[in-house]
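Below is one structure; the comments refer to it alone.
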């Protein structure tokens, strides 16, 4: 399984200077750490800073990898409790288009 640093680097590659996210989003992997996507600053940035965001998605690192790999549907993960969203649900919906 990739490390948090490897996942962060992969996110940074997909999250270009103008991602279209227009918000901040935190991926909270619990004990495995966080990834903070800042779609407000120019250029957009990705870090492992644990700070407040417009939307926080709580998911295990394993399920996140399944989600981005297409093995797990976001709606299904949410309904099954594998994905919890705090804050602006619209920001969470935008993440899918940013990552595709």
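Each value in this text was obtained by applying a stated rule to the coordinates, not by laboratory testing. Just so we're clear, the structure is a prediction, and the values are computed from it rather than from any experiment. Positions of Cβ are backbone-derived with ideal geometry, glycine not excepted, and every protein chain shown enters the neighbour counts.
Pairwise inverse Cα distances across the chain, averaged and inverted, put the Kirkwood hydrodynamic radius at 13.3 Å.
Taking each residue as 0.36 nm, the span from residue 96 to residue 58 lengthens on full extension beyond its C-alpha to C-alpha distance by 12.2 nm.
Once Rg and the Kirkwood radius are both taken over the C-alpha atoms of the range 55-100, their ratio Rg/Rh works out to 0.92.
Across the chain, the mean sequence separation of Cα contacts (distance under 8 Å, 6 or more residues apart), normalised by length, yields a relative contact order of 28 percent. Working from label points 7 Å from Cα in the Cα-to-Cβ sense, the residue 18 to residue 73 distance is 3.4 nm.
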